[in-house]
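Student: Take this structure first; my questions come after.
The values are calculated or read from the model by the stated rules, or taken from the named source; none is laboratory data. Quantities reported herein were computed from a predicted structural model and do not represent experimental measurements. Because the Cβ atoms are built from the backbone with ideal geometry, glycine has one as well, and the counts that use them run over all protein chains shown.
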Amino acid sequence: MKKDIQNKLVRQLGLFDSTMVMMGIVIGSGIFLTTGIMAKSIPSAPLILLAWIVGGLLTFTGALTYAELGAAMPEAGGQYVYLKEAYGPLAGFLFGWILFLVYMTGGIAGLALAFSEYTGYLFSPLSTHNILLSFDINLFHKTLTYSLSAGQLTGVGIITFLSLCNFLGVGFGKRIQNFVTVIKIGTICAIIILGFALGKSTVEDFSLNPGGMNLSQLIIGFGVALVAVSWAFDGWNNVNFVAGEIKKPEKNLPKALFLGTLGVTLLYV
């Protein structure tokens, strides 16, 4: 009598690891880039804090929904699994290929380029302004210039390195993930402490409308700020992609989504 043999992923991610995955995906350049956009849209510290709180609450609602889905279907694949089960294989197939060809691929490339931009500020030889190769291509009677910079190679290098870390196994990959996420959290905490220690505030900083904006301007500005906030919280749902590698996912996945969202919200606020 033959036995069905199924290749399953090894469940090595505990609650702490899963929470670090969730927080590590969310915390990135968004928190540093969006603050200036928010301050320009609504020059009011209380309203900016309110925008972060609202963004955190909205993320909580999504996290609770995904916690239910992840606990009910603790398989690797995230949204692919849910779409396939709800709407059939075609929906999952289309989502998977869009994710591979456009969404995830473009997002990873953008993040890698942002990494190389920041690296270039510290080490100018690795900057995107350091052009290593440039030549013209004639295409359809038009001349296009192609250039290759050190920053692009830096981005390719970091993608290759992280891919290799995950290729070596879940155990090694989670150690790298935990280490990097702890550094991110520590950096933001250090900035917060320095802000309280060295910053100077006045009574006007706590005013709801120091710029004298009318109500419609405040509403529009708050809406723009929420768009920026949603970008800073983006990625919270991606922990469900590794549900097949989480120990006791029916318990740890909902807890990781809750704790991760709570931790990110507290850091941002």
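Student: Select from the stretch 104-149 the residues that are among the β-branched types (Val, Ile, Thr) and touching a residue at least 24 places away in the same chain (Cβ under 8 Å) and write down the one among them that is nearest to Leu94 (Cα to Cα).
Tutor: Step by step, filter the stretch 104-149, then rank; the result is Ile108.
Student: Could you grab me the full set of residues in the stretch 21-46 that are surrounded by 20 or more Cβ atoms within 10 Å (Cβ to Cβ) and part of a helix (DSSP H, G or I)? Reasoning before the result, please.
Tutor: Taking the stretch 21-46 as the starting set, the residues that turn out to be surrounded by 20 or more Cβ atoms within 10 Å (Cβ to Cβ) are 21-24, 26-27, 31, 34, 38, 41-42, 44.
Correct list: Val21, Met22, Met23, Gly24, Val26, Ile31, Thr34, Met38, Ser41.
Student: Working only within the stretch 143-153, note down all residues that are outside any strand (DSSP E or B) and at pLDDT below 85. Give the steps one after another, and end with the answer.
Tutor: The initial filter retains those residues of the stretch 143-153 that are outside any strand (DSSP E or B), namely 150-153.
Once the filter is applied, which keeps residues that are outside any strand (DSSP E or B) and at pLDDT below 85, the stretch 143-153 yields nothing.
Student: Still on this structure, please answer the following. Of all residues in the stretch 69-106, how many are farther than 15 Å from Val242 by Cα, more than 21 Å from the chain's Cα centre (by Cα) and not hydrophobic (A, V, I, L, M, F, W, C)?
Tutor: So the answer is 6.
Yes/no matrix, rows are residues, columns are (1) under 20 Å from Thr119 (Cα atoms); (2) surrounded by 12 or more Cβ atoms within 10 Å (Cβ to Cβ); (3) at pLDDT 85 or above; (4) in contact with a helix residue (DSSP H, G or I) (Cβ under 8 Å, 6 or more places away or on another chain):
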| site | (1), (2), (3), (4) |
| --- | --- |
| His141 | no, no, no, no |
| Lys174 | no, yes, yes, yes |
| Val182 | yes, yes, yes, yes |
| Glu204 | no, no, no, no |
| Gln217 | no, yes, no, no |
| Gly221 | no, yes, no, yes |
| Lys248 | no, yes, yes, no |
| Lys255 | no, yes, yes, yes |
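Student: Quick check on my filter: what residues within the stretch 227-237 are surrounded by fewer than 18 Cβ atoms within 10 Å (Cβ to Cβ) and assigned to a helix (DSSP H, G or I)? If you could, list the steps in order and put the result at the bottom.
Tutor: As a first pass, look at the stretch 227-237 and keep what is surrounded by fewer than 18 Cβ atoms within 10 Å (Cβ to Cβ): 227, 230-231, 234.
The answer is Val227, Ser230, Trp231.
Student: Which condition breaks for Glu85 when tested against (1) of a type outside the set (Ser, Thr, Tyr); (2) in contact with a Gly (Cβ under 9 Å, 6 or more places away or on another chain); (3) assigned to a helix (DSSP H, G or I); (4) in contact (Cβ under 8 Å) with a residue 60 or more places away in the chain?
Tutor: For Glu85, the exception is condition (4).
Student: Another question, then. Which is out of contact with any Gly (no Cβ under 7 Å at 6 or more places or on another chain) and under 30 Å from Tyr118 (Cβ atoms), of Leu90, Leu94, Leu69, Leu49? Full working, then the answer.
Tutor: Details: Leu90 fails: under 30 Å from Tyr118 (Cβ atoms); Leu94 fails: under 30 Å from Tyr118 (Cβ atoms); Leu69 fails: under 30 Å from Tyr118 (Cβ atoms).
After applying the criteria, what remains is Leu49.
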